[in-house]
Amino acid sequence: MAGACCKCPLSLSVFKRSLSVAPRGCGSAPRSLLHGWRLGERGLQEAARPSSALRPAGFYRQTAFLCLSCQESMTESLRTCYLYLNQTSRSFAAVIQALDGELRHAVCIFYLVLRALDTVEDDMTIPLDKKVPMLNDFHTFLYQDEWCFTESQEKDRQVLEDFPTISLEFRNLAQEYRDVISDICHRMGVGMAEFLEKKVGSMKEWDQYCHYVAGLVGIGLSRLFSASQLEDPEVGRDTELANSMGLFLQKTNIIRDYLEDTQEGRAFWPREAWSQFAGRLEDLAQPEKLESALSCLNLLVTDALHHVPDVIAYLSRLRNQSVFNFCAIPQVMAIATLSTCYNNPMVFQGVVKIRKGQAVTLMMEATNMSAVQTIIAQYSQEILHKVSLTDPSREKTLHILAVIREKSALSQSSLRSRTHHLSPMYLSAAMVLAALSWQYLSTTAAQAQGTSDMQGP
């Protein structure tokens with residue numbers, strides 16, 4: 001079993017230093033902050049990844065904020081795993097490293113295993129007759145000491161080339177963690193193989209695809225939370241709520257990324273939805289199709305909103321502060337993004353963004369259920385004010401917003417009997433996480449501007 005790290009307080013001076021080195025510049029939250037565990041072709045956090053040549057010196061050192069005593073107690077292979085975590089996830093690595101005790105190691109390894117699986121799925125240079133068996137059998141490689149794959153051309157290929165280090169630390173985990181990670185890896189690999197040549201047709205298939213690439217992650221994480229005993233067994237047993245947590249994030253990403261995906265030849269909007277409004281999915285980007293495009297967009301946003309009551313129910317069950325922060329931050333980012341997307345022509349014309357300051361504020365505030373409820377209510381109200389009298393999905397949208405409002409009120413009432421008390425350690429951790437995110441966002445914005453300047457008009 002991986003040893004438990006100490007619960008070290010994170011100094012406020014780190015927060016101040018992080019802000020002081022953040023480059024100035026405007027910009028919006030990159031989608032990596034929202035993705036959390038977005039896998040499959042919706043590669044986790046990869047869209048906003050700056051090239052290695054553009055990464056600021058010392059970036060990984062600044063991102064990894066495990067205390068010195070924690071790092072010194074690790075094996076060399078475990079330290080290497082955390083290096084890979086920071087190299088492949090960056091901002092999300094901060095959230096993982098804020099988890100308590102041995103759960104931190106289990107989630108780190110879980111992430112790296114799925115990152116390796118995802119790298120195989122993403123690599124278009126691997127022929128299908130080789131890729132499909134690899135995806136189906138990937139979970140078995142966890143117990144093969146020497147298995148690695150050195151033929152990948154993907155940017156994260158180090159997790160495949162040095163997979164023996166990752167699989168070694170996997171085998172060092174407690175049996176209850178290994179069972180969860182192996183099972184989710186198996187089920188996800190099978191699902192990825194199924195959708196390699198399969199288009200997302202019906203709304204049911206949309207749910208199925210999102211389940212494979214995100215819902216299973218939510219289920220796996222929930223089982224890890226319970227296995228660590230930081231959360232009640234009920235959290236890991238209720239797979240329906242855990243699945244909804246993943247689907248809400250995944251659908252938000254798919255909705256927002258319409259233009260980029262269609263331009264790159266990818267199609268994740270379900271045919272059952274878009275075929276009501278256009279002959280081809282890419283036709284929705286045509287100016288003369290804007291009214292139909294917005295109707296389709298609003299239909300999908302309404303579908304995604306149906307997961308919010310489950311999100312509220314799931315978060316209301318959590319008792320450990322580090323787990324709550326880990327789960328709540330991506331969800332509030334998602335509801336903010338959906339509000340920005342709803343009835344927004346920019347989904348079909350450019351990049352939909354939430355402001356950098358808005359993202360940092362959300363991360364700072366989403367540390368207790370009452371605050372999360374307030375955030376959800378705020379953005380639900382924003383969507384309500386945008387609902388058009390002529391929108392075909394109007395009645396369904398109004399209905400789910402009413403359900404969310406009712407669910408929020410019930411949850412708020414139950415919260416009166418239990419209040420989250422935040423220790424200085426957790427407040428400090430939240431501030432450091434926000435600072436790291438601010439630094440990342442500012443750096444990405446500056447790099448994007450620099451790249452634009454180099455490319456010229």
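Quick check on E102: is it closer than 17 Å to G220 by Cβ and acidic (D, E)?
Values: closer than 17 Å to G220 by Cβ: yes; acidic (D, E): yes.
Answer is yes for this residue.
To keep it simple, each residue is scored yes or no on (1) open to solvent by 40 Å² or more (accessible area, probe 1.4 Å); (2) touching a residue at least 12 places away in the same chain (Cβ under 8 Å); (3) within 22 Å of P133 (Cα to Cα).
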| site | (1), (2), (3) |
| --- | --- |
| P164 | no, yes, yes |
| S182 | no, yes, yes |
| D207 | yes, yes, no |
| L221 | no, yes, no |
| D232 | yes, yes, no |
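In segment 152-175, what residues are within 24 Å of the chain's Cα centre (by Cα) and not in a loop (DSSP other than H, G, I, E, B)?
Q158, V159, L160, F163, I166, S167, E169, F170
Looking at F141, F149, F92, which one is of a type outside the set (S, T, N, Q), out of contact with any strand residue (DSSP E or B) (no Cβ under 8 Å at 6 or more places or on another chain), open to solvent by 10 Å² or more (accessible area, probe 1.4 Å) and more than 30 Å from Q229 (Cα to Cα)? If you could, list the steps in order and put the result at the bottom.
Working: F141 fails: more than 30 Å from Q229 (Cα to Cα); F92 fails: more than 30 Å from Q229 (Cα to Cα).
It is F149.
Checking the condition assigned to a helix (DSSP H, G or I) and either at pLDDT below 95 or touching a His at 6+ places or on another chain (Cβ under 6 Å) (or both), which residue from T361, T367 passes? Break it down stepwise before answering.
On the way: T367 fails: assigned to a helix (DSSP H, G or I).
It is T361.
For V190, are the conditions met, namely being open to solvent by less than 50 Å² (accessible area, probe 1.4 Å) and either part of a helix (DSSP H, G or I) or at positive phi (or both)?
Details: open to solvent by less than 50 Å² (accessible area, probe 1.4 Å): no; either part of a helix (DSSP H, G or I) or at positive phi (or both): yes.
So V190 fails the test.
So L216 ticks every box in (1) in contact (Cβ under 8 Å) with a residue 40 or more places away in the chain; (2) crowded, with 16+ Cβ neighbours inside 10 Å but one. Which box is left unticked?
Every condition holds for L216 apart from (1).
Scan segment 281-308 residue by residue and report those that are over 21 Å from P330 (Cα atoms), open to solvent by 20 Å² or more (accessible area, probe 1.4 Å) and under 27 Å from the mean Cα position of the chain (by Cα).
Of everything in segment 281-308, those that are over 21 Å from P330 (Cα atoms), open to solvent by 20 Å² or more (accessible area, probe 1.4 Å) and under 27 Å from the mean Cα position of the chain (by Cα) turn out to be E282, A285, L294, L299.
Exactly one of these conditions fails for R79: (1) more than 18 Å from I181 (Cβ to Cβ); (2) modelled with pLDDT of 90 or more; (3) not in a helix (DSSP H, G or I). Give me its number.
Unmet for R79, out of (1) more than 18 Å from I181 (Cβ to Cβ); (2) modelled with pLDDT of 90 or more; (3) not in a helix (DSSP H, G or I): (3).
Is it the case, given these coordinates, that F149 is assigned to a helix (DSSP H, G or I) and of a type in the set (F, W, Y)?
Numbers: assigned to a helix (DSSP H, G or I): no; of a type in the set (F, W, Y): yes.
So F149 fails the test.
Out of S275, S228, which single residue is open to solvent by 10 Å² or more (accessible area, probe 1.4 Å), polar (S, T, N, Q) and in contact (Cβ under 8 Å) with a residue 12 or more places away in the chain? Can you show your working first?
Working: S275 fails: in contact (Cβ under 8 Å) with a residue 12 or more places away in the chain.
S228 is the lone residue from the list that is open to solvent by 10 Å² or more (accessible area, probe 1.4 Å), polar (S, T, N, Q) and in contact (Cβ under 8 Å) with a residue 12 or more places away in the chain.
Would you pick out the residues in segment 123-138 that are surrounded by fewer than 20 Cβ atoms within 10 Å (Cβ to Cβ) and either of a type outside the set (A, V, I, L, M, F, W, C) or under 24 Å from F92 (Cβ atoms) (or both)?
Selection gives D123, T125, P127, D129, K130, K131, P133, N136, D137.
Go through segment 85-143 and tell me which helices (runs of 4 or more DSSP H), entirely inside it, have 2 or more residues that are over 16 Å from the mean Cα position of the chain (by Cα) and basic (K, R). Let's see the steps before the verdict.
Numbers: elements: 91-97, 101-122, 128-137.
By residue number, 128-137.
The values are calculated or read from the model by the stated rules, or taken from the named source; none is laboratory data. Everything numeric here is computed off the predicted structure, so don't read it as measured data. No Cβ is skipped: glycine too gets one built from the backbone with ideal geometry, and neighbour counts run over all protein chains shown. Note: areas computed on protein heavy atoms with side chains; ligands, DNA, RNA excluded. Shrake-Rupley method; radii C 1.70, N 1.55, O 1.52, S 1.80 Å.
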